[in-house]
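Below is one structure, written out as structure tokens; comments come after it.
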Amino acid sequence: MAYSSLELHDNGVAWLLLNRPDVHNAFDDHLIAELNAHLEKLHALAEAGDVRVVVLGSEGKSFSAGADLNWMKRMVDYSLDDNLADSRKLSALMHGLDTLPCPTLCRVQGATFGGAVGLAACCDVVIASEKARFCLSEVRIGLSPAVISPYVQRALGERQMRRYALTAEVMDAATALNLGLAHQVVAPDALNDAVDSMLETLLGGSPQAQRATKALLASVAKASDADTTREHTCQVIARLRVSNEGQEGLASFFDKRRPAWTASHNTMTNAAEPRS
């Protein structure tokens, strides 16, 4: 039985869904392997421009409870080398999600614990229900949010990361919004409409420009004021200005019409909405 699904739609939206509602979408080595395979496919499709936006969501009332307890029990008997290999697969999952070329949108309907906080932090936009709860729970069972720490600390900032990683306090949706982990919080019955609206907004951007901007921001974050970074920013904007999409974007602005890349998109998310 598959623990996840990848749904590709004609409008360029891909829905990547965790589907283990009976265990609150907890992940184990099987689910991690599935997600890594999905992400490998999505990287190729996004690079080719066939996927415009990826939505990460899940079935049921919880987004994800983090690590599956049965998986954790099995890991007790793993050697150090086995644990390293296992951790590297989770690291590949986080890196693969974080570096998808196209925009990513995370739909959080409920509890988001442990490594699942990392999944949310790796996405470009997070929309959460008022029922959502976030917790870096690892220290309560003698572990650490190690693999997800680069992504969650980037979202929370170092000071707040120290607090929530060390205390394992539960953050409600309002706190997650205030700290920057979530971008928007809505009533539970408004979550799907909010996701629809954000999809419409993201699909309004130039696909090429979005891919270039996402790669640019990752580069700028590493060295914001280096000579090479400044030159890279100049190269990016110059190339976009003379590209086909750049020319179309400027022409459509001056002609007071919608650009060509918006002509065929239609979000129609109802066909793929997680049931919660």
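Details
- Filter result for VAL139 (of a type in the set (Val, Ile, Thr), in a helix (DSSP H, G or I), closer than 21 Å to ALA168 by Cβ and over 17 Å from the mean Cα position of the chain (by Cα)): yes
- If you filter the range 52-73 down to residues that are under 13 Å from the mean Cα position of the chain (by Cα) and not hydroxyl-bearing (Ser, Thr, Tyr), you find that the one that is surrounded by the most Cβ atoms within 10 Å (Cβ to Cβ) is PHE63.
Residues are listed down the side, and each one gets a yes or a no for (1) more than 18 Å from LEU105 (Cα to Cα); (2) open to solvent by 30 Å² or more (accessible area, probe 1.4 Å); (3) part of a helix (DSSP H, G or I):
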{"site": "ALA146", "(1), (2), (3)": "yes, yes, no"}
{"site": "ARG159", "(1), (2), (3)": "yes, yes, yes"}
{"site": "ARG162", "(1), (2), (3)": "yes, yes, yes"}
{"site": "LEU166", "(1), (2), (3)": "yes, yes, yes"}
{"site": "ASN178", "(1), (2), (3)": "yes, yes, yes"}
{"site": "LEU181", "(1), (2), (3)": "no, no, no"}
{"site": "ASP193", "(1), (2), (3)": "no, yes, yes"}
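- Count of residues meeting criterion [in contact with a helix residue (DSSP H, G or I) (Cβ under 7 Å, 6 or more places away or on another chain) and either outside the structural domain of VAL117 (by the TED database) or over 14 Å from ALA120 (Cα atoms) (or both)] in the range 146-163: 2
- If the condition is being out of contact with any Cys (no Cβ under 9 Å at 6 or more places or on another chain) and open to solvent by 10 Å² or more (accessible area, probe 1.4 Å), then the range 104-114 contributes only GLN109.
- Residues in the range 195-220 that are under 15 Å from the mean Cα position of the chain (by Cα), open to solvent by less than 40 Å² (accessible area, probe 1.4 Å) and within 23 Å of THR112 (Cα to Cα): 2 in all.
- Verdict on GLY96 being over 26 Å from ALA218 (Cβ atoms), modelled with pLDDT of 95 or more and out of contact with any strand residue (DSSP E or B) (no Cβ under 6 Å at 6 or more places or on another chain): no
- Residue ID - farthest from VAL108 (Cα to Cα), chosen from residues in the range 1-59 that are among the acidic types (Asp, Glu) and part of a helix (DSSP H, G or I): GLU47
- Residue match in the range 78-93 (condition: open to solvent by 10 Å² or more (accessible area, probe 1.4 Å), touching a strand residue (DSSP E or B) at 6+ places or on another chain (Cβ under 8 Å) and not in a helix (DSSP H, G or I)): no
The values are calculated or read from the model by the stated rules, or taken from the named source; none is laboratory data. Values in this document were obtained by computation on a predicted structure and should not be read as measured data. Here Cβ is always computed from backbone atoms with ideal geometry, including for glycine, and neighbour counts include all displayed protein chains. The area values use the complete protein model at the heavy-atom level, side chains included, leaving out ligands, DNA and RNA. Shrake-Rupley method; radii C 1.70, N 1.55, O 1.52, S 1.80 Å.
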